[in-house]
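All remarks here apply to the structure that follows.
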Amino acid sequence: MLMRMVVVLGLLFSTLNAVAATLSVEALVSPAWVERGAGGREPLTPGLALRSGDRVITGSGARALLRMSEGSAVKLGENATFSVDRIDEKNTSAGRAVSGALSVAQGAFRFTSRFFGSQRSRRDLDIRVATVTAGIRGTDIWGKGSADRDIVCLIEGKIEIEHRGEKFAMNEPLSFLIAPREGPRLPVAPVPEAQLKEWALETEIAPASGATRRNGKHRIVAASNVDESAAKETVARLRGAGYPAAVRAYRSGEALRYDVNISGLASAEDAAKMESALRTAGLLLR
């Protein structure tokens with residue numbers, strides 16, 4: 001029965017990936033999850049197509065790189081909560097148009113237009129960082145929501161800001177604003193280079209950090225040559241902990257045996273890093 005379930009899930013995943021998604025997962029450092037209404041929580045997986053109503057949650061030390069079909073990127077840092085409130089793409093007489101509303105309840109994010117290429121399209125996105133909403137038409141911004149304040153930093157381009165009913169433009173690159181949860185908003189000010197570098201690191205996927213990527217070629221084995229019960233238990237623990245584990249069934253003599261794998265790792269170094277992290281957490285059954 002487990003084998004049939006794995007085959008069905010594999011076919012469903014292939015079907016989803018055959019469709020050009022407006023927003024999808026390009027790479028990540030686990031643990032991370034996606035919540036879909038009453039469908040519960042599942043581990044985030046490279047290649048997964050995100051849709052309106054989805055919520056992405058990253059754990060401690062995690063990162064996520066999301067790809068928009070028109071070439072933009074959304075990067076998420078650790079302990080972030082990111083919601084796809086609305087996302088839509090359509091072809092018009094003036095070309096392709098992408099619109100939507102995204103929100104970051106907590107954690108760091110970065111939005112960069114044309115990160116994956118220079119495809120031409122019209123963009124009409126609003127990104128809300130708790131109390132601050134930024135209207136995006138084509139730019140590079142960084143932001144973070146926390147318990148005591150919200151930050152928006154304009155790196156390139158220009159954005160329209162709305163905060164507590166007030167609307168104004170930020171059109172000076174390398175400037176930022178801080179909006180405390182209590183009290184007035186601080187004036188827009190130039191961002192120091194050292195501060196921008198520090199913030200940028202919060203949303204970047206570092207080399208050899210245990211990252212999985214779309215079309216990643218490496219894998220680790222979390223459990224090998226086990227029975228169905230052990231395979232189910234291991235998969236449930238890994239997926240519950242935010243790691244995209246899957247089962248491979250095979251015959252060993254007269255018996256049916258199972259391996260539990262995490263595939264799509266970006267490099268051998270990433271595989272070694274993830275294996276070490278899972279071993280430390282007691283999530284490897286071998």
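The values are calculated or read from the model by the stated rules, or taken from the named source; none is laboratory data. Keep in mind that what you see is a predicted model, and the values were worked out from it rather than measured. Cβ sites come from the backbone with ideal geometry, for glycine too, and all protein chains shown count toward neighbours.
The table below gives the values:
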| item | result |
| --- | --- |
| Conditions (1) closer than 27 Å to Leu28 by Cβ; (2) not in a helix (DSSP H, G or I): number failed by Trp199 | (2) |
| Residues being surrounded by fewer than 23 Cβ atoms within 10 Å (Cβ to Cβ), part of a loop (DSSP other than H, G, I, E, B) and polar (S, T, N, Q) - total across the range 46-102 | 5 |
| Selection from the range 180-196 of residues that are part of a loop (DSSP other than H, G, I, E, B) and exposed (fewer than 13 other Cβ atoms within 10 Å of the Cβ) | Arg181, Glu182, Gly183, Pro184, Pro187, Pro192 |
| Meets criteria (modelled with pLDDT of 95 or more and either surrounded by fewer than 17 Cβ atoms within 10 Å (Cβ to Cβ) or among the aromatic types (Phe, Trp, Tyr) (or both)) for Ala281 | no |
| Those strands (runs of 3 or more DSSP E) lying entirely in the range 116-163 with at least 1 residues polar (S, T, N, Q) and surrounded by 18 or more Cβ atoms within 10 Å (Cβ to Cβ) | 132-136 |
| Residue check for Ser209: of a type in the set (S, T, N, Q) and at pLDDT 95 or above | yes |
| Total residues in the range 256-274, condition crowded, with 19+ Cβ neighbours inside 10 Å and part of a helix (DSSP H, G or I) | 4 |
| Looking only at the range 164-179, and only at residues there that are among the aliphatic types (A, V, I, L, M) and crowded, with 19+ Cβ neighbours inside 10 Å, the one that is nearest to Ala97 (Cα to Cα) | Met170 |
| Single residue of Leu66, Leu48 found to be under 20 Å from Arg219 (Cα atoms) and modelled with pLDDT of 80 or more | Leu48 |
| Enumeration of residues in the range 202-239 that are in contact with a helix residue (DSSP H, G or I) (Cβ under 6 Å, 6 or more places away or on another chain) and assigned to a helix (DSSP H, G or I) | Glu228 |
